[in-house]
Each structure stands twice: as structure tokens, then as C-alpha cells.
Amino acid sequence: MISNSSFSRRGFLSMLGVGAASTLAGCASTAPGPSGNIVTYRDGVALRNDGLPPVGGDPEAAMMYGAVEDGGYLIPAIPYERINPRYYRQRVVDPTGERPGTIVVDTPSRFLYLVEPGGSAMRYGVGIGRDGFAWSGEGVIQWRQKWPKWTPPDEMVARQPQLVKYSIANGGMPPGLTNPLGARALYIFQNGQDTLYRLHGSPEWNSIGKAVSSGCVRLMNQDIIDLYERVPNKARVVVWQ
């Protein structure tokens, strides 16, 4: 885990705004890796010199994204080497200007920030809603749930009839490792009404950094557990488009 009392090297690099060193043919680029070494990426995947994911990796990331037992479920380790390090959980200088305790979702950059006292923020990589399903605005985390049940809205069931067995009428999908809401869900309300949008975990780690969901903001299960423990009750949520 990243220490609450000091910035990690990765966070320090992020504060400096270190970006890709160069752009290569075939959608490949080079950038400082988690430990400061230069790593080549193609389509967001870190490569070895022979084109395969690197071996060894970063002990800090391995600890953050290792297997964890939670609520009677064994969440598998995430192959973090196959995720661009910019989406790893890390502490950064707060770029939002919001008051501490606020959650800010930067949709274009695929980041979620939890603003902390003292000018810092915890930053998480997220997957967001695809075109036509994204939501933006301000709301509040009205409800929180560990290992939630998933009940797709009737509109989603109408678009995807195969989900009828998980409909509201049929009681939804029980919690579990394959449940689309993952290990935790934070429910966004606006003006006292459920927006039907959630901040939630996901078993689909490879969707982080992409626009694939039906509007909700998804995090890796290990990250949503971390966020859930940090976020205050009734936290304000701001979603940028």
C-alpha cells in the first residue's frame, strides 16, 4: 500500500507531470516505469525487449494488486504489468481545487480523485461509460455497499434481453467475483434521487482506462476497496466531461 504520510516515487513523477518520452510507430511509446526505468508501451501494455510483458515488475504495485481475501471471496491478483502505470493507485498533488473529501471523476483522462487535506489527492485509474451512456454533473454518495447485488435497470434489460434473469423483477444477480459491480459500490444520488450511476469495482481489470461501460465508473476491485475505506459518508461527487 502507498503510505499515507509520504509521496511515493510514482506519485512524485506524476506531480512533475512526466509524460511519454516519445511516440513510436505502431501506437508504441516510451515512458518512465513504476520504478523510474524507461518502459516501452504498446496500446497501454508494458513490453519487454522481446515484446512480451515484463517479468519482475514493481513490488509496490505487486502488493497493491495482489490477491486478497475479502468478505469470504478470494479476489485474484491483477496482472498489473499489463496495465499502463499511469492508472495505478497513487497519491498526487490535487489538480481539482475541490475541498477535501470530494470525489472528482476526470472522464477525459480516465482518473478518479479523492481530494485529501494538505493539497494532495488519491488518484485511481477508471473505466467510464461509452459514448451515449456517460453521465456528468454533481451528486452525493448516498449509499455504500460491500459486495453488492447487481440489478440492471429495465432500460438495460430491454437493450440486452439476456439480462432478464437478473432484472429487478427477478431479484438481480447475487454478489460474487463475476458480479459486474465487483467488491464495492458507491451509489450516486442527485437532488435526493438515484441517478442509477455507480462508482464500483469490476473483475475486468483490462477495461481500466477505456470507455466501455453503460455509464458507471468502474475501478479495479483492489482500488474500489481502498477508495471505499477512505471516502467519507455523503461525499460530494463531481464528474467532469
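Structure above, values below:
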{"item": "Answer from 156, 122 - the residue that is surrounded by 13 or more Cβ atoms within 10 Å (Cβ to Cβ) and under 15 Å from residue 216 (Cβ atoms)", "result": "156"}
{"item": "Residues within region 75-110 that are free of Cβ contacts under 8 Å to residues at least 40 places away in the same chain and crowded, with 21+ Cβ neighbours inside 10 Å, tallied", "result": "3"}
{"item": "Residue count, region 188-230 (criterion: over 14 Å from the mean Cα position of the chain (by Cα) and crowded, with 20+ Cβ neighbours inside 10 Å)", "result": "2"}
{"item": "Meets criteria (of a type in the set (Phe, Trp, Tyr), surrounded by fewer than 17 Cβ atoms within 10 Å (Cβ to Cβ) and at pLDDT 80 or above) for residue 143", "result": "yes"}
{"item": "Residues of region 161-180 that turn out to be free of Cβ contacts under 8 Å to residues at least 24 places away in the same chain, of a type outside the set (Gly, Ala, Ser) and surrounded by 13 or more Cβ atoms within 10 Å (Cβ to Cβ), as a count", "result": "3"}
{"item": "One residue from 96, 151 being within 23 Å of residue 174 (Cβ to Cβ), polar (S, T, N, Q) and over 17 Å from the mean Cα position of the chain (by Cα)", "result": "151"}
{"item": "Pair list, Cβ < 6 Å and 6+ apart or interchain, from region 217-241 residues that are in contact (Cβ under 8 Å) with a residue 40 or more places away in the chain to residues that are in a helix (DSSP H, G or I)", "result": "220/205"}
{"item": "Elements of type strands (runs of 3 or more DSSP E) in region 129-241, at least 3 residues being closer than 16 Å to residue 114 by Cβ", "result": "137-146, 184-190, 193-202, 217-220, 236-240"}
{"item": "Strands (runs of 3 or more DSSP E) contained entirely in region 22-128, each with at least 1 residues that are among the hydrophobic types (A, V, I, L, M, F, W, C), at negative phi and modelled with pLDDT of 80 or more", "result": "68-70, 73-75, 90-93, 103-106, 111-115, 120-125"}
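The values are calculated or read from the model by the stated rules, or taken from the named source; none is laboratory data. Just so it is clear, the model here is predicted, and its values are computed rather than measured. We place every Cβ from the backbone using ideal geometry, glycine too, and count neighbours over all the protein chains shown.
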